[in-house]
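Chemist: Please find one structure pasted underneath; my questions will follow.
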Amino acid sequence: MQNKRIQALQAMLNTYSLTPNKALGQNFLVDADAIDRILDAAAVEGKGVLEIGAGAGALTEGLLARARAVAAVEIDAHMADILRDRFGDALLLYREDFLKTDLAALHQALGGEAIYVVGNLPYYVTTPICMRLLSCALPIGRMTLMVQQEAAARFFAQPCERVYGPMAVLSQAYYTPSRVLALSPESYYPRPDVYSEVVTLSRNARAYQANLAPLVKTCFAMRRKTIANNLKAYSGKQPVEKALAACKISPSARAEALAPEQFLSLSEQL
Ligand code: SAM
């Protein structure tokens with residue numbers, strides 16, 4: 001089954017005289033069972049969907065069959081040609097770098113309701129893409145993301161763990177992260193050197209706080225510094241001391257020791 005999918009993909013790429021572009025993280029999904037499980041986990045029925053890095057359309061086809069509307073952002077012009085030829089006007093196609101996409105305009109184009117994000121993310125830019133999604137004001141209902149196993153661990157990390165940082169704080173502040181499935185290199189063409197994992201982040205009821213992401217990034221800017229020192233530049237010594245006292249956080253604490261709820265209280269105070 002997988003071999004057939006690889007052959008079909010190779011034939012498609014040959015038609016366009018293409019080979020997978022390593023620099024753009026092009027490891028295409030060729031595992032039909034994994035595709036079905038990702039689509040089930042994404043729960044996009046009747047929703048407006050943003051797909052990041054649609055490639056040759058392995059997930060796009062199923063998303064279009066299930067969702068109300070699908071917008072795909074794909075940086076590679078050659079892949080965009082394939083997507084246009086395969087799906088025509090049914091797909092809202094943005095041939096650009098997701099890090100530069102006008103998210104407010106894309107949200108309107110999808111109908112202005114809650115957005116469901118899906119992506120087999122290019123490994124070289126996973127953290128900036130996730131941070132953009134976690135920091136933005138878009139009403140995201142759920143994200144279903146395929147990332148390298150080490151990157152997946154960042155969504156679930158707890159205070160004081162080695163990989164605890166802004167991604168853990170923001171994903172746990174606004175979402176409930178769950179593991180969906182682990183994937184071996186055989187699920188892709190070409191095979192990557194690493195294992196991957198699919199995770200969902202389901203939005204909780206907490207209201208978006210515009211200053212939470214900048215605050216969290218500042219707190220983790222210098223991991224060895226105390227939170228009070230890192231925050232001084234953010235809003236001045238006195239307001240910081242007052243806010244820390246109001247939240248019952250020791251000025252000598254480090255960011256890595258604070259739970260997501262403590263960052264939320266701090267952002268309300270500052
Ligand atoms: N979704 C397809 C699949 O599952 O087979 C392709 C996934 S592949 C891992 C990642 C895709 O993201 C590639 O098609 C690549 O060209 C695209 N990409 C890489 N960097 C990007 C960026 N900054 N913005 C949008 N797309 C990007």
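Chemist: Looking at 240, 216, can you tell me which residue is among the aliphatic types (A, V, I, L, M), on the phi < 0 side of the Ramachandran plot and modelled with pLDDT of 95 or more? Working first, answer last.
Modeler: Working: 240 fails: modelled with pLDDT of 95 or more.
Step by step, each of 240, 216 is checked, and only 216 is among the aliphatic types (A, V, I, L, M), on the phi < 0 side of the Ramachandran plot and modelled with pLDDT of 95 or more.
Chemist: Name the residues in the range 149-193 that are in contact with a Pro (Cβ under 8 Å, 6 or more places away or on another chain), in contact (Cβ under 8 Å) with a residue 12 or more places away in the chain and farther than 15 Å from residue 131 by Cβ, would you?
Modeler: 156, 189, 190, 191, 192
Chemist: Ok, one more. Conditions first: (1) away from the ligand (no atom under 14 Å from the Cβ); (2) out of contact with any strand residue (DSSP E or B) (no Cβ under 9 Å at 6 or more places or on another chain); (3) farther than 23 Å from residue 96 by Cβ. Residue 43 passes all but one, so which condition is the exception?
Modeler: Every listed condition holds for residue 43 apart from (2).
Chemist: Oh, and also: Quick check on residue 52: is it within 24 Å of residue 2 (Cα to Cα), of a type in the set (A, V, I, L, M, F, W, C), open to solvent by less than 30 Å² (accessible area, probe 1.4 Å) and within 15 Å of the chain's Cα centre (by Cα)? Step through it out loud before you land on a result.
Modeler: Numbers: within 24 Å of residue 2 (Cα to Cα): yes; of a type in the set (A, V, I, L, M, F, W, C): yes; open to solvent by less than 30 Å² (accessible area, probe 1.4 Å): yes; within 15 Å of the chain's Cα centre (by Cα): yes.
So residue 52 passes the test.
Chemist: Can you tell me which residue within the range 1-38, out of those that are open to solvent by 90 Å² or more (accessible area, probe 1.4 Å) and not in a helix (DSSP H, G or I), is nearest to the ligand (Cβ to nearest atom)?
Modeler: Ranking the qualifying residues of the range 1-38, first place goes to 19.
Chemist: Shifting gears a bit: Taking the condition modelled with pLDDT under 95 and over 12 Å from residue 254 (Cβ atoms), does residue 207 pass?
Modeler: Criteria met by residue 207.
Chemist: Sort out which residues of the range 202-232 are closer than 15 Å to residue 173 by Cα and of a type in the set (Phe, Trp, Tyr), and write them in order of number.
Modeler: Selection gives 208 alone.
Chemist: For the range 23-41: of the residues being of a type in the set (D, E, K, R) and in contact (Cβ under 8 Å) with a residue 24 or more places away in the chain, which is farthest from residue 116 (Cα to Cα)?
Modeler: Here is the first cut: in the range 23-41, the residues of a type in the set (D, E, K, R) are 31, 33, 36-37, 40.
Within this subset, residues satisfying the condition of being in contact (Cβ under 8 Å) with a residue 24 or more places away in the chain are 31, 36-37.
On the way: 31: 22, 36: 17, 37: 16 Å.
So, considering only residues that are of a type in the set (D, E, K, R) and in contact (Cβ under 8 Å) with a residue 24 or more places away in the chain, the one farthest from residue 116 (Cα to Cα) is 31.
Chemist: Ok, one more. I'm trying to understand the selection: among the residues of the range 221-252, which are open to solvent by less than 20 Å² (accessible area, probe 1.4 Å) and in a loop (DSSP other than H, G, I, E, B)?
Modeler: Across the range 221-252, the qualifying residue is only 249.
Chemist: Test each condition in (1) without any contact (Cβ under 8 Å) to a residue 40 or more places away in the chain; (2) within 13 Å of the ligand (Cβ to nearest atom); (3) in a loop (DSSP other than H, G, I, E, B); (4) at negative phi for residue 56 and report the one that comes out false.
Modeler: The one condition residue 56 does not meet is (1).
The values are calculated or read from the model by the stated rules, or taken from the named source; none is laboratory data. Just so we're clear, the structure is a prediction, and the values are computed from it rather than from any experiment. Backbone-built Cβ (ideal geometry, glycine too); neighbour counts: all protein chains shown. Areas reflect the complete protein model, heavy atoms only, side chains present, ligands, DNA and RNA absent. Shrake-Rupley method; radii C 1.70, N 1.55, O 1.52, S 1.80 Å.
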